[in-house]
Amino acid sequence: MFDLIIAGGEVVTPQGTAICDVAIAGETIAAVAAPGTFAAGSARRVIDAKGRIVMPGGIDPHVHCLWHLPLPDGTAMLTDGPAQVSRAALHGGTTTMIDFAAWTHDTNVQKTIEARDKDWVGNCCCDWSYHIMLRGDLPPGLLGELAEAIQAGYPTVKIFTTDITPSRRGRMVDFGDIWEVFKVLAKQGGLGVIHAEDNDIVMHMYDKLIREDRTIFHNMAEVHNQLSEDLSFRRVLRLAESVPGTALYMMHVSAGTGVAAIAEARAKGLPIYGETLHQYMLYNAEDYKRPNGQIYHTYPSLKTPADQKALWDGTLTGAINTVATDEICCTLKVKTVGSRIDDVTGGNAGAEPRLGVMFTEMVAKRGYSLSKYADLVSTNAARIMGLYPKKGAIAPGSDADIAILARGPARKLMKEDLHETDYSPWEGHEIHAWPAMTILRGKVVVEDGKFLGSPADGRYLKRKVAPEIIAGPAL
């Protein structure tokens, strides 16, 4: 007896898309078969999915919950937590998120993980994992701790090549330390996840624009510019090339120069993967001039229409493998409190609308296949981050993490439709499909807009990056 059968939907499987029935037993997918294969009465519940899309639950590999957020008045706050963000994510069909455990100099890696667990365990409605985040000067003893963490199931390490803003000194890791971390990653089978901007260029442009009294945030693209991305990406990638076996995931690629650098590295056979954000693909620096234009901002800045085209092209050529959010959940008041190039709040409230928005832009408007769309919002992240095929696949033995999308007449997305905060940068965006049901490990957690999950449902996911991901550009 199966627990669920999802019957007659257009199912996105690793082999392609077909009309299938999906049988679920407990928390896993038991079988995927032709319609009508399973006898009547063989499941406790049958879900009629005819005319609907059945895809792997979304995976967002880049979120920040309960995150330290500096404010213009010199104080700071924590952003909203995993209970709120994960609930919204599930409403939008995302079943797994990857956040960060940020190491500081007064502790060690194991205690960093344990401290982050206190924020998440029992407080997340979906499944989750962490990247270990490094900041500032790295003591030699930290390298051994990283090696142990990678072997213990925490294989991804975040590194900044910039302090991002003048007020955030101490984030940047120097290239000597990055070199040493790359040696550990290569030896232990880890993956570097990199925020790459050239700190000299970024800080020079802050000084220049402040000196010229051009501090309004509309000018942000001059600070976090294409040249900065070009120089830093190429320096990081050349360093990785010098340490055989170093695999990298370039986070929030925002410029065509970053896309080009990734493409050139992959052409050499290097295991380099690219992430962009739906923010960069669909908004550009002109949107800063709209009312409350801060809502469109994250770091690095929005760029130009030409950069947007390069990002879209990258999803087709292999340079861009995932579409994430860089999620920061806060109120409109907090998001818009800063108005200068050096104090505007980054991140965006985008976890819930990501699947619906990208379906519209990829499938409905640009003709991407359902398989390509599912790769970019789910499967590729699972493959790169060491979750596949447990996550990111509708296949026997995989976790029964499933989003069932209902196509419908195009409608405008309204912030009142969402469940995260009091604003949305996606308000007014056209939507052609939306999750009618989200299933997490066999449990229906959202059905027709009603939330049926709880903060106790989520589980931490220990990971191991697959050898083929490290061996070369596998995707």
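A single member of 53, 59, 98 is farther than 19 Å from residue 326 by Cβ and crowded, with 22+ Cβ neighbours inside 10 Å, and it is 53. When the stretch 183-197 is filtered for residues that are within 22 Å of the chain's Cα centre (by Cα) and not in a strand (DSSP E or B), the ones remaining, listed by number, are 185, 189, 190, 196, 197. Just one of the numbered conditions (1) at pLDDT 95 or above; (2) part of a strand (DSSP E or B); (3) under 26 Å from residue 158 (Cα atoms) is not true of residue 44: (3).
Residue 387 - would you say it is surrounded by 24 or more Cβ atoms within 10 Å (Cβ to Cβ) and part of a helix (DSSP H, G or I)? Considered against the rule, which asks whether it is surrounded by 24 or more Cβ atoms within 10 Å (Cβ to Cβ) and part of a helix (DSSP H, G or I), residue 387 comes out as no.
If you go through the stretch 322-334 one residue at a time, do you hit one that is among the small types (Gly, Ala, Ser) and more than 28 Å from residue 87 (Cα to Cα)? Step through it out loud before you land on a result.
Of the stretch 322-334, the ones among the small types (Gly, Ala, Ser) are 324.
From what is left, the residues that are more than 28 Å from residue 87 (Cα to Cα) are none.
No, the stretch 322-334 contains no residue that is among the small types (Gly, Ala, Ser) and more than 28 Å from residue 87 (Cα to Cα).
Look at the stretch 258-276: where a residue is under 18 Å from residue 198 (Cα atoms) and a partner is of a type in the set (Asp, Glu) and buried (at least 24 other Cβ atoms within 10 Å of the Cβ), sitting 6+ places away or on another chain with Cβ atoms under 6 Å, you get 258/229.
For residue 3, the stated conditions do not hold, so it cannot be described as within 30 Å of residue 333 (Cα to Cα), among the acidic types (Asp, Glu) and touching a strand residue (DSSP E or B) at 6+ places or on another chain (Cβ under 6 Å).
Filter the stretch 300-311 down to the residues that are under 10 Å from residue 280 (Cα atoms) and either of a type in the set (Val, Ile, Thr) or surrounded by 20 or more Cβ atoms within 10 Å (Cβ to Cβ) (or both) and list them by number. Of everything in the stretch 300-311, those that are under 10 Å from residue 280 (Cα atoms) and either of a type in the set (Val, Ile, Thr) or surrounded by 20 or more Cβ atoms within 10 Å (Cβ to Cβ) (or both) turn out to be 300, 301, 302, 303, 304, 307, 308, 311. Scanning the stretch 307-345 for residues that are in a loop (DSSP other than H, G, I, E, B), over 17 Å from residue 368 (Cβ atoms) and aliphatic (A, V, I, L, M) gives 337, 341, 344.
Condition check: surrounded by fewer than 23 Cβ atoms within 10 Å (Cβ to Cβ), over 15 Å from the mean Cα position of the chain (by Cα) and among the charged types (D, E, K, R). Does residue 287 satisfy that?
Working: surrounded by fewer than 23 Cβ atoms within 10 Å (Cβ to Cβ): yes; over 15 Å from the mean Cα position of the chain (by Cα): yes; among the charged types (D, E, K, R): yes.
It is true that residue 287 is surrounded by fewer than 23 Cβ atoms within 10 Å (Cβ to Cβ), over 15 Å from the mean Cα position of the chain (by Cα) and among the charged types (D, E, K, R).
Of all residues in the stretch 275-300, those being β-branched (Val, Ile, Thr) and part of a loop (DSSP other than H, G, I, E, B) number 1.
Among all positions in the stretch 107-114, there is no residue which is buried (at least 17 other Cβ atoms within 10 Å of the Cβ), in contact with a Ser or Thr (Cβ under 6 Å, 6 or more places away or on another chain) and not hydroxyl-bearing (Ser, Thr, Tyr). When you look at residue 86, is it outside the structural domain of residue 398 (by TED's automatic domain parsing) and touching a residue at least 40 places away in the same chain (Cβ under 8 Å), yes or no? Considered against the rule, which asks whether it is outside the structural domain of residue 398 (by TED's automatic domain parsing) and touching a residue at least 40 places away in the same chain (Cβ under 8 Å), residue 86 comes out as yes. Scanning the stretch 226-254 for residues that are free of Cβ contacts under 8 Å to residues at least 60 places away in the same chain and farther than 23 Å from residue 385 by Cα gives 227, 230, 231. Is it the case that some residue within the stretch 371-394 is in contact with a Cys (Cβ under 9 Å, 6 or more places away or on another chain) and over 15 Å from residue 475 (Cβ atoms)? Yes, the stretch 371-394 has at least one match.
Scan the stretch 253-270 for residues that are surrounded by 24 or more Cβ atoms within 10 Å (Cβ to Cβ) and not polar (S, T, N, Q) and jot them down.
Looking only at the stretch 253-270, we keep the residues that are surrounded by 24 or more Cβ atoms within 10 Å (Cβ to Cβ), and these are 253-255, 258-259, 261-262, 265.
Answer for the stretch 253-270, where residues must be surrounded by 24 or more Cβ atoms within 10 Å (Cβ to Cβ) and not polar (S, T, N, Q): 253, 255, 258, 259, 261, 262, 265.
Scanning the stretch 222-239 for any residue that is farther than 23 Å from residue 379 by Cα, outside any helix (DSSP H, G or I) and small (Gly, Ala, Ser) turns up nothing.
Residues 147, 88: which one is outside any loop (DSSP other than H, G, I, E, B) and either among the hydroxyl-bearing types (Ser, Thr, Tyr) or crowded, with 22+ Cβ neighbours inside 10 Å (or both)? Lay out the reasoning, then the answer.
On the way: 147 fails: either among the hydroxyl-bearing types (Ser, Thr, Tyr) or crowded, with 22+ Cβ neighbours inside 10 Å (or both).
Matching residue, one of 147, 88: 88.
Residues in the stretch 133-144 that are in a helix (DSSP H, G or I) and either in contact with a helix residue (DSSP H, G or I) (Cβ under 6 Å, 6 or more places away or on another chain) or within 14 Å of residue 190 (Cβ to Cβ) (or both): 3 in all. Can you find even one residue in the stretch 93-116 that is among the hydrophobic types (A, V, I, L, M, F, W, C) and farther than 29 Å from residue 165 by Cβ? Among the residues of the stretch 93-116, not one is among the hydrophobic types (A, V, I, L, M, F, W, C) and farther than 29 Å from residue 165 by Cβ, which makes the answer no.
Condition (residue is among the polar types (S, T, N, Q) and surrounded by fewer than 18 Cβ atoms within 10 Å (Cβ to Cβ)) applied to the stretch 152-165: is it met by at least one residue?
Taking the stretch 152-165 and keeping what is among the polar types (S, T, N, Q), we get 156, 161-162, 165.
Those still in the list that are surrounded by fewer than 18 Cβ atoms within 10 Å (Cβ to Cβ) too: none.
No; the residues of the stretch 152-165 include none that is among the polar types (S, T, N, Q) and surrounded by fewer than 18 Cβ atoms within 10 Å (Cβ to Cβ).
The values are calculated or read from the model by the stated rules, or taken from the named source; none is laboratory data. Please read these numbers as outputs of a predicted model, since none were measured by experiment. So basically every Cβ, Gly included, is an ideal-geometry build from the backbone, and we count neighbours across all protein chains shown.
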